[in-house]
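Read the structure below first, then the notes.
The values are calculated or read from the model by the stated rules, or taken from the named source; none is laboratory data. In this text the structure is predicted, and so the values were computed from the model without any measurement. All Cβ positions, glycine included, derive from the backbone under ideal geometry; neighbour counts span all protein chains shown.
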Amino acid sequence: MQITVKCPSCSADSSFFTVKKGFQGPFRCWKCKSLFTLKVNKDGDTELLEPLSQEDFEKQKADKEARRKKAREKTV
Ligand SMILES: [Zn+2]
């Protein structure tokens, strides 16, 4: 589905596609490069959009990588 988000800090519209319905995860504005935690429900409504620090962003990315690695190990 297509997710459309308006950046709270610079008002730029961002849109991207997801395979699943809804989205939950870190989001970076293409224009002002601000980081946010974004949660969009299956109807495409933004449920959460709050500023995210670079540190938290890296942490979330690391967690995601760790989970992906684990899932890969399971299938092997
Ligand atoms: Zn922005």
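Kindly indicate the residue of region 31-67 that is touching a strand residue (DSSP E or B) at 6+ places or on another chain (Cβ under 6 Å) and among the hydrophobic types (A, V, I, L, M, F, W, C) and also surrounded by the fewest Cβ atoms within 10 Å (Cβ to Cβ) among those meeting that condition. Only one residue tops the list, namely LEU48. Inside region 7-27, can you point out the residues that are touching a residue at least 24 places away in the same chain (Cβ under 8 Å) and near the ligand (Cβ under 9 Å from one of its atoms)? Hits for region 7-27 are CYS7, PRO8, SER9, CYS10.
I'd like the residue in region 20-43 that is among the hydrophobic types (A, V, I, L, M, F, W, C) and over 22 Å from ALA62 (Cβ atoms) and, out of all such residues, is farthest from the chain's Cα centre (by Cα). Among those residues, the one meeting the criterion is CYS32. Of all the residues in region 7-30, those that are within 22 Å of GLU65 (Cβ to Cβ), surrounded by 11 or more Cβ atoms within 10 Å (Cβ to Cβ) and not aromatic (Phe, Trp, Tyr) number 6.
Yes or no, residue by residue, for (1) over 21 Å from ILE3 (Cβ atoms); (2) at pLDDT below 95; (3) in contact with a Phe, Trp or Tyr (Cβ under 8 Å, 6 or more places away or on another chain):
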site	(1), (2), (3)
THR46	no, yes, no
LEU52	no, yes, yes
GLU58	yes, yes, no
LYS64	no, yes, no
